[in-house]
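Peer 1: Starting off with a structure, shown below.
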Amino acid sequence: MSIKNKSKYNLTNLIVLKPKVFSVICFFILSLIGFFIIKQQHSISEEKERLEMQKMLNVVQRNIEQILQNSHTITLSLAQTIDRTGTPQNFEAVAKRLLDNNKNIDIVQLVPNGVIKYIYPLKGNEEAIGLNLFNTKHTKDEALKTIERNDIYFAGPLELVQGGKAIIGRTPIYRDRKFWGFSAIIISLSNLLKEAGLSDFNISGYFIQLSKINPVTNKEEFFLDNPYNFDSSIKETIKLPQGNWSIHLVKEKSNTALISLYPTIILWVIFCISSTILLYFLLKKPSELQQVIVNQDERISKNEKELQVIFDNAALGIAVIDIRSRVFIKVNQQLSKMLECPISSLLKANVHEFILEKDTSNFDSLLNDLREGNLNKFSATKKLISKNKKIIWANITVSPMWHKGENPSSYITVIEDITEKKKSSELLQKSESRFKSLFEDSPIPLSEEDMSGVQEELKKLDLSKLPPTKIYRYFKEHPKDLYRCINKTNIIDINKEMMLLKDTNSKNEYINNYKLFTLNRAPNYLIKKLIAIIKNQTSFVGETKIQTFNGEEKDVLVKWYVVPGYENNYKRVFVSTENITERKNAVRELKKSHNTLIERNKRLLDFSYIISHNLRSHTSNIQTIIDNLEYVDNEEERTELLGLLKQVSDSLDETIHNLNEITSIRANVNISREPLDIYSYTQKTINILSSKIDKSNAIIHNKIEPDTIILYNPAYLESILLNLLSNAIKYAHSERQPEISIYTRTFKGNLQLFVKDNGIGIDLEKHGEKIFGMYKTFTKRDDSRGIGLFITKNQVEGMGGKIEVKSSINEGSIFKVFFNEPK
Amino acid sequence: MSQNSTICIIDDDKIYQSLTKRMLLKLVDEIDIEQFLDGSDAFESFREKIASGEQLPKVVLLDINMPTMDGWEFLSKLEKLKIDFSEVDIHIVSSSIAIQDMEKAKANVNILGYITKPIKPEILKNIL
């Protein structure tokens, strides 16, 4: 896992990674090349021009030299006219001839001793005669220079005395080695130029200039009207020593050559730009690719670094192993730590040294599958042994280090030390089994239930925001929802005690029939349970009744709690179902006897009240009468008081009689019962009351089915019927005909007697408690004694039944007697 | 004895009524005695008196156990009429020696006393 050096990419990087820079550099190089090429071309064309100009000038030079040569010849010929005496002979004729032959020469002169003496043609040039050259300022130097040269020398161009510009060629003449004078010719400048071919020089782009270094001033003087400031221009010059002249051929505009280069320059510039752009685009693509490669490279190197870090610092042992020799090629720190062997010695070691089991065939076959490509990777749990003989449980994951189609070389192994895990899982298993046996053998009936389904079903109903009372009402009104939710409970397991409780031998029987039994449970309990789940409570306590497989009913106290970790999904809930039937029964019994006691107590109180009130009212009256009797003085008063005493004793007797009747009912615990035809008894009672019935014009309906037999005490039945019927007649409504119905119903196997009237009715709200009390009357009728219903109630209750009344004022009453026959 | 010397006896025991009347007549020379055999009759009379602006009896001897309307009901109805109880002395006269009755009477501020039968002339004298 080495990290590649980046520096070798530098040059390529410059070209490829910076296409802009490179393109600009190329542009400059191309421009430079262009510059040199154009410059070269320019100088070649200049050279060519120069040669052309040279050629032109050569013609001029030749012409001029021709003229000058002729001039020399003429001066010499003219000098021939001079005789021995030094006087020219036939000057005129010779001069005329010479001039005729040489049309380019305008004037000829002979200047003996520097004084112009002979001129041909004289006409027009008379003014020059007698001019001493040596005395004249502007001719003196040149005259002397001529002598110095001892050859023809041209002076001028200068202004002639006789007018006009001309050059004067003078040749010094010696006679007998003695300076004689000059033989001179004068050529007008225009003539000279014409002869030299310069006057009609008219090649566009060029002009001619004639210059001479002034011998006096030593400055170059220009003689032609053309411009003379052409030092920097392209020019060609010839020098004529005979007159110290220079003839310049000047190119008018020195940049004309450049103009001709413009297209080339423009084309080149275009070429440079376009090739630069082209280059840029050509380079750009590989540059982008290169950039991608560089980025990829960086990423790879980063990944490699990371991998290296992971490899080095992983909490797992990692090793690269040669597939043939099974020797470690590469190992990390963790593995070395795990196997308690330094990396250096590990690297020489064979894998087998660290594998505990000698039988590795299974592992080898897996490895073989990997090699053949049947497997992508595999994991195995193996026992390893460290160098210090410590046993390590390891989870080994093997992946190939070759690609598909490549030759298998080595594989990478990730080794996880699971010794601790193994230990704790063993512990867990132990505790699990301990728990299992606890669960199984617990003396309390237990079950493990999955209520997640219930919870999900409840979520659909979306009741969680409602208060419990509203949820309760909802389920009361929607029993289908209630049972659908409850039915989602799944029993995971139950213990032995639970099976005992349910009278079953098979767990499956219980689990399969669980739902059937739940439905029989009281809905209140089920709703309470659902509310606990809706409110996400983790525990629950509730009492209910269950039915065993034998059909027996049992009272149970159900407690459950959600196994920690399952609070949110109710997947595991432990339920204990304690049999509290006996306790419940005991409580019921207790309650029953408690109620009986209360009832007895109440009766006792009633009785003491009766005694205290009903008897004391009589005795107090007796006392008062006796007190009064003591102080009575007349007989009339005494008789009156004794009459009162008689009344008191009568009513006391009646009261005691009534009390005796009641106590006899109460005292009779086992009153005899016999089968009685209730219809006949009713009929008999109607007969007894017939006179009262007739008097009140009442209609009596005996709707009792004939031959309805009950087991009852005959005297009580007679008394009950008589009391109820006579009451019904007694309290008839004054505004309507009394109508009384007597009928029976059977409820839960018990016969009930109904006596219904349309009488005055009783305000039960006001008198409800008292209606069956002793001496309670609610009307101002004289015959209300308030004892009949009290006796009836005592008789009914004495037989184990009860009596109830329903009544509305002005509408009537229904008395209902529950007979409660023994089974 | 003040000008208003009406005494009202409410009891369903006719013998007691006549005996008490005798006793009262012997004790006081001038006295109006109103007698009712149950609470509802007495209440009607009270109501009529209040409606017509008549004076209510100075002393009321009230029995507890009576048919139709007992002593307690009579009292509670009377309280609803918002009469001035400082002008009407109400005494319970009952044969009941039950503690509940006595305590109930004691708890009511409008009841001046609880007398168990037989009623003695001395006690009657005191009341008057």
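Peer 1: Could you list, ordered by first residue, the pairs with Cβ atoms under 7 Å in which the first is in the range A:381-404 and assigned to a loop (DSSP other than H, G, I, E, B) and the second is acidic (Asp, Glu), at least 6 apart or interchain?
Peer 2: That search, which allows pairs on different chains as well, returns A:Ser386/A:Glu340; A:Lys387/A:Glu340; A:Asn388/A:Glu340; A:Lys390/A:Glu340.
Peer 1: Determine which member of the set A:Lys496, A:Lys529 is buried (at least 19 other Cβ atoms within 10 Å of the Cβ), in contact (Cβ under 8 Å) with a residue 24 or more places away in the chain, in the same structural domain as A:Asn550 (by TED's automatic domain parsing) and within 30 Å of A:Arg434 (Cβ to Cβ).
Peer 2: A:Lys529
Peer 1: Further, regarding this structure: Does the range A:654-670 contain any residue that is within 14 Å of another protein chain (Cβ to nearest Cβ), over 60 Å from the mean Cα position of the chain (by Cα), closer than 30 Å to B:Leu27 by Cα and in a helix (DSSP H, G or I)?
Peer 2: Checking the range A:654-670: not a single residue is within 14 Å of another protein chain (Cβ to nearest Cβ), over 60 Å from the mean Cα position of the chain (by Cα), closer than 30 Å to B:Leu27 by Cα and in a helix (DSSP H, G or I).
Results for (1) within 13 Å of chain A (Cβ to nearest Cβ); (2) modelled with pLDDT of 85 or more, shown as yes or no for each residue.
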position	(1), (2)
B:Ile10	no, yes
B:Ser18	yes, yes
B:Lys21	yes, yes
B:Glu30	no, no
B:Glu34	no, yes
B:Leu37	yes, yes
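Listed here are the residues, each with its yes/no results for (1) modelled with pLDDT under 80; (2) outside the structural domain of A:Leu158 (by TED's automatic domain parsing); (3) in a helix (DSSP H, G or I).
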{"position": "A:Trp180", "(1), (2), (3)": "no, no, no"}
{"position": "A:Ala184", "(1), (2), (3)": "no, no, no"}
{"position": "A:Glu195", "(1), (2), (3)": "yes, no, yes"}
{"position": "A:Ser199", "(1), (2), (3)": "yes, no, no"}
{"position": "A:Leu210", "(1), (2), (3)": "yes, no, no"}
{"position": "A:Pro215", "(1), (2), (3)": "yes, no, no"}
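Peer 1: Another question about this same structure. Could you list all residues from the range A:124-170 that are within 13 Å of A:Ile107 (Cα to Cα), of a type outside the set (Lys, Arg) and in a strand (DSSP E or B)?
Peer 2: A:Ala166, A:Ile167, A:Ile168, A:Gly169 - these are the residues of the range A:124-170 that are within 13 Å of A:Ile107 (Cα to Cα), of a type outside the set (Lys, Arg) and in a strand (DSSP E or B).
Condition check ((1) more than 25 Å from A:Trp393 (Cβ to Cβ); (2) part of a loop (DSSP other than H, G, I, E, B); (3) in the same structural domain as A:Ile415 (by TED's automatic domain parsing)) across all residues:
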{"site": "A:Pro286", "(1), (2), (3)": "yes, no, no"}
{"site": "A:Leu289", "(1), (2), (3)": "yes, no, no"}
{"site": "A:Asn303", "(1), (2), (3)": "yes, no, no"}
{"site": "A:Ser325", "(1), (2), (3)": "yes, yes, yes"}
{"site": "A:Ile329", "(1), (2), (3)": "no, no, yes"}
{"site": "A:Ser336", "(1), (2), (3)": "no, no, yes"}
{"site": "A:Leu367", "(1), (2), (3)": "no, no, yes"}
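Peer 1: Can you find, within the range B:93-110, the residue that is farthest from the other protein chains (Cβ to nearest Cβ) among those that are surrounded by 17 or more Cβ atoms within 10 Å (Cβ to Cβ) and touching a Lys or Arg at 6+ places or on another chain (Cβ under 9 Å)?
Peer 2: B:Val93
Peer 1: A further question on this structure: Looking at the range A:724-763 only, could you name the residues that are in a loop (DSSP other than H, G, I, E, B), among the charged types (D, E, K, R) and farther than 24 Å from A:Asp694 by Cα?
Peer 2: A:Lys748, A:Asp763
Peer 1: Right, another one. Any residue at all in the range A:88-96 that's exposed (fewer than 13 other Cβ atoms within 10 Å of the Cβ), over 30 Å from A:Ala184 (Cα atoms) and without any contact (Cβ under 8 Å) to a residue 60 or more places away in the chain?
Peer 2: So far as the range A:88-96 goes, no, none of its residues is exposed (fewer than 13 other Cβ atoms within 10 Å of the Cβ), over 30 Å from A:Ala184 (Cα atoms) and without any contact (Cβ under 8 Å) to a residue 60 or more places away in the chain.
Peer 1: Within the range A:608-632, restricting attention to residues that are more than 7 Å from chain B (Cβ to nearest Cβ) and within 13 Å of A:Thr655 (Cβ to Cβ), which residue is modelled with the highest pLDDT?
Peer 2: Among residues in the range A:608-632 that are more than 7 Å from chain B (Cβ to nearest Cβ) and within 13 Å of A:Thr655 (Cβ to Cβ), the one modelled with the highest pLDDT is A:Ile622.
Peer 1: Take A:Glu353 and tell me if it is closer than 19 Å to A:Asn388 by Cα and acidic (Asp, Glu). Spell out how you get there, then give the answer.
Peer 2: On the way: closer than 19 Å to A:Asn388 by Cα: yes; acidic (Asp, Glu): yes.
Judged against the criteria, A:Glu353 is a match.
Peer 1: Name the single residue, out of those in the range A:1-38 being basic (Lys, Arg) and part of a helix (DSSP H, G or I), that is modelled with the highest pLDDT.
Peer 2: Ranking the qualifying residues of the range A:1-38, first place goes to A:Lys20.
Peer 1: Identify, by number, the condition in (1) farther than 30 Å from A:Pro19 by Cβ; (2) touching a residue at least 40 places away in the same chain (Cβ under 8 Å); (3) of a type in the set (Gly, Ala, Ser) that A:Ser287 doesn't meet.
Peer 2: (1)
Peer 1: Among the residues of the range A:585-601, how many are modelled with pLDDT under 85, loosely packed, with under 11 Cβ neighbours inside 10 Å and either among the acidic types (Asp, Glu) or more than 22 Å from A:Asp555 (Cβ to Cβ) (or both)?
Peer 2: Summing the residues that are modelled with pLDDT under 85, loosely packed, with under 11 Cβ neighbours inside 10 Å and either among the acidic types (Asp, Glu) or more than 22 Å from A:Asp555 (Cβ to Cβ) (or both) in the range A:585-601 gives 1.
Peer 1: Go over the candidates A:Glu236, A:Glu221 one by one and state the one that is under 22 Å from A:Ile186 (Cα atoms) and modelled with pLDDT of 75 or more.
Peer 2: Working: A:Glu236 fails: under 22 Å from A:Ile186 (Cα atoms).
Just one listed residue meets the conditions, A:Glu221.
Peer 1: Where residues in the range B:1-46 are among the polar types (S, T, N, Q) and surrounded by 15 or more Cβ atoms within 10 Å (Cβ to Cβ), which of them is nearest to the chain's Cα centre (by Cα)?
Peer 2: That would be B:Gln35.
Peer 1: State yes or no: is A:Lys330 surrounded by 13 or more Cβ atoms within 10 Å (Cβ to Cβ), modelled with pLDDT of 85 or more and basic (Lys, Arg)?
Peer 2: yes
Peer 1: Oh, and also: Filter the range B:75-92 down to the residues that are of a type outside the set (A, V, I, L, M) and away from chain A (no Cβ under 14 Å) and list them by number.
Peer 2: B:Glu79, B:Lys80, B:Lys82, B:Asp84, B:Phe85, B:Ser86, B:Glu87, B:Asp89, B:His91
Peer 1: Within the range A:132-149, which residues are among the acidic types (Asp, Glu), farther than 10 Å from A:Pro172 by Cβ and surrounded by fewer than 20 Cβ atoms within 10 Å (Cβ to Cβ)? If you could, list the steps in order and put the result at the bottom.
Peer 2: Taking the range A:132-149 and keeping what is among the acidic types (Asp, Glu), we get A:141-142, A:148.
Subset that is farther than 10 Å from A:Pro172 by Cβ: A:141-142.
Listed by number, the list holds a single entry, A:Asp141.
Peer 1: Something else: Across the range A:98-116, what is the total count of residues that are under 9 Å from A:Ile187 (Cα atoms) and part of a helix (DSSP H, G or I)?
Peer 2: Qualifying residue count for the region: 0.
Peer 1: May I pose another question? Residues A:Ile129, A:Ile152, A:Ile187: which one is within 30 Å of A:Lys251 (Cα to Cα) and either surrounded by 23 or more Cβ atoms within 10 Å (Cβ to Cβ) or without any contact (Cβ under 8 Å) to a residue 24 or more places away in the chain (or both)?
Peer 2: Testing whether each residue is within 30 Å of A:Lys251 (Cα to Cα) and either surrounded by 23 or more Cβ atoms within 10 Å (Cβ to Cβ) or without any contact (Cβ under 8 Å) to a residue 24 or more places away in the chain (or both) leaves just A:Ile187.
The values are calculated or read from the model by the stated rules, or taken from the named source; none is laboratory data. The shown structure was predicted, so the numbers you read here are calculated from the model rather than taken from an experiment. Quick reminder, even Gly has a Cβ in these numbers, built from the backbone with ideal geometry, and neighbours come from all protein chains shown.
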